[in-house]
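*Asks:* Just passing along the structure, written as structure tokens.
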Amino acid sequence: MTASPVYIIGVDLGGTNIVVGAAPANGGTMSGVHSEPTRAEEGADAVTARIVRMVEETITVTSQQAGVERSAFVGVGIGAPGPLDRESGVVLITPNLGWTNFPLRDRVSAGVGLPAALDNDANCATLGEWWIGAAQGAQHVIGLTIGTGIGGGLILNGQLYHGASGIAGELGHISIEANGRRCNCGNYGCLEAYASGSAIATRAREALGGGEPSLLPDLVNGDLSRITAQTVYEASAQGDGVARHVVRDTAQFLGVGIASLVNIFNPEVVVVAGGVTQAGDALFEPLRAEVRRRAFTPAVNVLRIVPGELPGTAGVAGAIATFAQQHRV
């Protein structure tokens, strides 16, 4: 007789939205996926209560769809902004949420009556792409998640690499220019200061100062403060010269950073996820060319640089995989 599958719930907690879903522990189609605003201004207790309710809703929906009992659900994986203490399950500090030393793992566990696991949200996104996304089958993976900032994750020998104090994978803060732009972290020249979504928008506004004709002002009704990375991608797709230049520069900045990582870690796959993937080949072709130009040939010969395949759910999938790894399910 074939054993019934066990299920794990995944929670992707962000500053803007919470996404929750469930999947069999051995992989497969996610179910019960839904999203709600985080509403961090309501405080940590209110957000935790929202997570607990969303987990219960996912259990109900998945139980109905898969025809399983609640006892089939063995735990909850949580991806949250850091820094974190994974061992104790505590969110140490999250500027986007305003939390300090909050025991998120144990609060969620108590609320749903199931064991839980906690890891960094960018680590989870990388793990999700490795588990059921663009990096399936690879043993050595680098993940970059490009949004307001740049998060990252490292999978070495099929396991997430956390480093000596648990903060490995802060790939957005590798330096690509010694005396470059000031980053929100306080350093200068970080990759995030050049290639994050907010940095792309900033560079586009700066580029318009040269007076070159562009579609960008029209796309935001003349209010340049409303330019976002998405605006740049849209204008680039329509052939706008300024936007295309910004996208090419973004590809170069990312290529410089990724080439350094490739030379250090020699991965099989680099997954680039987030809104930047909407730029398509206009970004990926020059990015790959820059990596080929800068990285060692033997490393490049075994490398694939690919967009993520799990937009919106990579973090949920990775949170599920995090629980499976931590609890050896």
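Nothing in this text is a laboratory measurement; each read-out follows from the coordinates by a stated rule. Predicted model only: the values in this text are computed from it and were never measured. Note: ideal-geometry Cβ built from the backbone for every residue, glycine included; neighbour counts use all protein chains shown.
*Asks:* With charges set only on the Cβ (+1 for Lys and Arg, -1 for Asp and Glu), what does the dipole of the chain come to about its Cα centre, in debye to the nearest 20?
*Replies:* Numbers: 20 positive and 29 negative charges, 102 e Å.
So the dipole magnitude of the chain works out to roughly 480 debye.
*Asks:* Quick check: net charge around P83, other residues with Cβ under 12 Å of its Cβ, Lys/Arg +1 and Asp/Glu -1?
*Replies:* Details: positive: R86; negative: D85, D119, D121, E170.
For residues surrounding P83, the net value is -3.
*Asks:* Shifting gears a bit: By DSSP, what percent of the beta bridges with both residues in the chain are antiparallel, rounded to the nearest 5?
*Replies:* On the way: 27 of 48 bridges.
The antiparallel fraction comes to roughly 55 percent.
*Asks:* Any idea what the relative contact order of segment 138-307 is, in percent, if you count C-alpha pairs under 8 Å spaced at least 6 apart?
*Replies:* Working: 304 pairs, mean separation 38.8, N = 170.
Relative contact order for segment 138-307 comes out at 23 percent.
*Asks:* Now for a separate question. With a 10 Å Cβ neighbour count serving as the proxy for reagent exposure, in which order, fewest first, do I167, I8, I18 appear? Before the final figure, lay out the partial values.
*Replies:* Numbers: I167 13, I8 25, I18 19.
The most exposed by this proxy come first: I167, I18, I8.
*Asks:* Let me see the pair-distance distribution of segment 194-282: every alpha carbon pair, 5 Å bin width, integer percents in order.
*Replies:* So the P(r) values, bin by bin, are 3, 14, 25, 23, 15, 9, 6, 4, 2, 0.
*Asks:* Name the shape class, rounded, prolate or oblate, that the alpha-carbon gyration tensor gives for the chain, where a ≥ b ≥ c are the square roots of its eigenvalues, rounded holds for a/c under 1.5, and otherwise prolate holds if a/b is larger than b/c and oblate otherwise. Before the final figure, lay out each step's value.
*Replies:* Details: a/c = 1.86, a/b = 1.55, b/c = 1.20.
Cα axes put the chain in the prolate bin.
*Asks:* Moving to a separate point now. Which percent, to the nearest 5, of DSSP beta bridges fully inside segment 138-307 are antiparallel? Display every interim value, and only then the final one.
*Replies:* Details: 10 of 20 bridges.
Rounded to the nearest five, the antiparallel share is 50 percent.
*Asks:* What does the charge count around Q136 come to, taking other residues whose C-beta lies under 14 Å from its C-beta (Lys +1, Arg +1, Asp -1, Glu -1)? Display every interim value, and only then the final one.
*Replies:* Values: positive: R304; negative: E129, E268, E309.
Result for the neighbourhood of Q136: -2.
*Asks:* A further question on this structure: Quick check on segment 138-307: what does the Kirkwood estimate of hydrodynamic radius come out to from the alpha carbon pairs, in Å? Display every interim value, and only then the final one.
*Replies:* Working: mean 1/r = 0.0611 Å⁻¹.
With all distinct Cα pairs of segment 138-307 included, I get 16.4 Å.
*Asks:* Let me ask something else. With a sphere of radius 15 Å drawn around the Cβ of A237, what net charge do the other residues whose Cβ falls strictly inside it have (Lys, Arg +1; Asp, Glu -1)?
*Replies:* Working: positive: R244, R248; negative: D218, E234, D240, D281, E285.
Surrounding charge for A237 is -3.
*Asks:* Report the Rg/Rh value for segment 215-258, based on alpha-carbon coordinates and the Kirkwood definition of Rh. Walk me through the numbers before you get to the answer.
*Replies:* Details: Rg = 11.2 Å, Rh = 10.8 Å.
Here Rg/Rh amounts to 1.04.
*Asks:* If you don't mind, there's one more thing I want to ask. Under the classification rounded if a/c is under 1.5, otherwise prolate if a/b is larger than b/c and oblate if not, where does segment 132-175 fall, given a ≥ b ≥ c as square roots of the Cα gyration tensor eigenvalues?
*Replies:* The shape class here is oblate.
*Asks:* Using only alpha-carbon positions, what ratio does the radius of gyration of segment 1-89 give when scaled by 2.2 N^0.38 Å? Spell out each step's value before the answer.
*Replies:* On the way: Rg = 13.9 Å, N = 89, 2.2 N^0.38 = 12.1 Å.
Compactness ratio reported: 1.15.
*Asks:* Continuing with this model, one more query. What Kirkwood hydrodynamic radius do you get for segment 61-158 when you take the inverse of the mean 1/r over all pairs of distinct Cα atoms, in Å?
*Replies:* On the way: mean 1/r = 0.0664 Å⁻¹.
Hydrodynamic radius (Kirkwood, Cα only) of segment 61-158 equals 15.1 Å.
*Asks:* Another one. Using the Cα centre of segment 179-329 as the reference point, and only Cβ charges (+1 on K/R, -1 on D/E), how large is the resulting charge dipole? Debye, rounded to the nearest 20.
*Replies:* Details: 13 positive and 13 negative charges, 103 e Å.
About 500 debye.
*Asks:* Enumerate by residue number the chymotrypsin sites (Phe, Trp or Tyr not before Pro) in segment 108-195 meeting two conditions: DSSP loop (anything except H, G, I, E, B), and at most 10 other Cβ atoms within 10 Å of the site's Cβ. It would help to have the intermediate numbers written out before the result.
*Replies:* Details: sites: W130, W131, Y161, Y188, Y194; in loops: Y161.
Passing sites in segment 108-195 do not exist.
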